[in-house]
Amino acid sequence: MRQRILVSALGVGALAVAGLTAQAMTASGATAAPSPYTAGKHAARVCSDAKAKHTASCNAVKLVTPDGRTPAATAPPATGLTPTGLRDAYKLNGLSAGGRTVAIVDAYGYPNLERDLGVYRSQFGLSACTKANGCLKIISQTGGTTLPTFNVGWAGEQALDVDAVSAAAPDAKIIVVQAKSASFADLGTAVQTAAKQAGVVAISNSYGGGDADDATYGAYYNHPGIAVTASTGDDGYQGGSYPASSSYTTAVGGTSLVAASNTRGWSESVWDGAGSGCSTYNTALPGAASFSTGCSKRAMADVSAAADPSKGGMAIYYPTSKTASTWAQFGGTSEAAPIIASVYALSGNTAGYANALPYAHPGSLFDVTSGSNGTCPTTQWCNARTGWDGPTGLGTPNGAGAF
């Protein structure tokens, strides 16, 4: 997987998002903090890059100051996307998860997850989601209560995931399954455990490694009747990234999302970090056959959502150590995967293989037609266009009609 430096300046689009998100926080009774970032801020990876073959890295990135710090903050940054802004951008208002459950699969432990989720939900006026009220459950990869050791990077990933589900589908229940390591085998075992939990209709996987073969790992992700989403990665056009390159998952790319003076109220383009490419192993999705992907095998992405940490990155509450937490602005395709999993939960329609549904209803998505995530031998693998393209797939949610 090639390395990229994720850099973004605070431009007009981000300022537009700042204006709308600050208004949204005020409307909900929440308070926004002035942005501590200056021109020259950049996005830093939250997790270390995977070193071993068939080991994953999380796909979360966070905004940091020019000297690499994440300043302590007692309120969300004004430039961060809020629950109100997210639901407006994707037209999710009025939809309900109806008690359905979104499972989050990540590696390692996060002792203060429940506490930090409570801070996030309280800040934005969302109902409490706790173990005691049955909304939240945290288990090991085998379903037990003895949880793995703390890892600050992966705990930040988990914070983004549960906050994203809370923002997109506030009434969804949440199960977090913590794998004991970031190996494909341990993460896959956690996915199988998630699929066995009562009420689970979607499983979000905000991580990836190199392309891999479904013949070896596909059984972990093969769960008809459950939407299994996976981030395509944060390295731009690069080829397949597993498990997004699995034929059993919904591969989720990423966009830059800004407020706009148009009918929708928002505009989206390709986030240049969004992963895309063709698997060298896995079977193409039957539903994609008429969309000219240019891939002989499985193409990614299928759909997409906000991922640019500067333009559409979420304000989240996350851990900086085993005991301390703070507010910051996070993005990456790790933001997009739980958003899409939540939209599946809102739709209540995950019969069969859920990755087929958007291909049957492309008109119910916002098509993303501008932007690029690199250079590639086949134009649509790295450049937005009308219809399917690699970085954004068929587009982003316009309500839940495509899911």
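One table, with the values for the structure above:
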quantity: In Å, descending, principal axis extents of the Cα set of the range 257-380; calculated: 48, 33, 33
quantity: Relative contact order [Cα under 8 Å, 6+ residues apart], the range 166-305, whole percent; calculated: 21 percent
quantity: Neighbour net charge for Thr101 - beta-carbon separation under 15 angstrom, K R +1, D E -1; calculated: +3
quantity: Percent of beta bridges antiparallel (DSSP, the chain, rounded to nearest 5); calculated: 50 percent
quantity: For the range 169-319, Kirkwood radius (reciprocal of mean inverse C-alpha pair distance, Å); calculated: 16.4 Å
quantity: Spacing of the two label points (7 Å from each Cα toward its C-beta) at Ala44 and Ala351, in nm; calculated: 4.9 nm
quantity: Cut-off 14 Å between beta-carbons: net charge of the residues surrounding Ala172, Lys and Arg +1, Asp and Glu -1; calculated: +2
quantity: Listed peptides 272-285, 51-64, 119-132 by packing density, highest first (mean Cβ within 10 Å); calculated: 272-285, 51-64, 119-132
quantity: Length-normalised contact order for the range 265-403 - Cα pairs under 8 Å, 6+ apart - percent; calculated: 33 percent
quantity: Counted charge near Thr392, where neighbours are those whose Cβ lies closer than 11 Å (Asp, Glu -1; Lys, Arg +1); calculated: -3
quantity: Heavy-atom accessible area per residue - the range 85-219, 1.4 Å, Å²; calculated: 32 Å²
quantity: Residues Thr65 and Lys196, FRET efficiency given R0 of 45 Å [Cβ-Cβ distance, rounded to 0.05]; calculated: 0.55
quantity: Read-out log10 I(q)/I(0) by the Debye sum over Cα atoms at q = 0.06, 0.09, 0.10, 0.12 Å⁻¹, derived from the coordinates shown; its label in (1) -0.26, -0.61, -0.76, -1.10; (2) -0.18, -0.42, -0.53, -0.80; (3) -0.31, -0.70, -0.85, -1.17; calculated: (2)
quantity: Dimensions (Å) - the range 90-204, Cα atoms, principal axes, largest first; calculated: 39, 28, 26
quantity: For the chain: relative contact order, % (alpha-carbon pairs under 8 angstrom, 6 or more apart); calculated: 20 percent
quantity: Computed label-point distance, nm, for sites Ala75 and Thr263 using a 7 Å Cα→Cβ extension; calculated: 3.7 nm
quantity: Within the chain, helix-based [θ] at 222 nm, where runs of 4 or more DSSP H residues each add -39,500 (n - 2.57), nearest 500; calculated: -7000 deg cm²/dmol
quantity: Full-extension gain in nm, Val119 to Thr369, via 0.36 nm per residue minus C-alpha separation; calculated: 86.3 nm
quantity: Antiparallel DSSP beta bridges within the range 252-400, as percent of all bridges there, nearest 5; calculated: 80 percent
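The values are calculated or read from the model by the stated rules, or taken from the named source; none is laboratory data. If you're wondering where the values come from, they're calculated on a predicted model, not measured in any experiment. Note that we place each Cβ from the backbone using ideal geometry, even for glycine, and neighbour counts take in every protein chain shown. When the accessible area is computed, the model is the full protein with side chains, heavy atoms only, and any ligands, DNA or RNA have been set aside. Shrake-Rupley method; radii C 1.70, N 1.55, O 1.52, S 1.80 Å.
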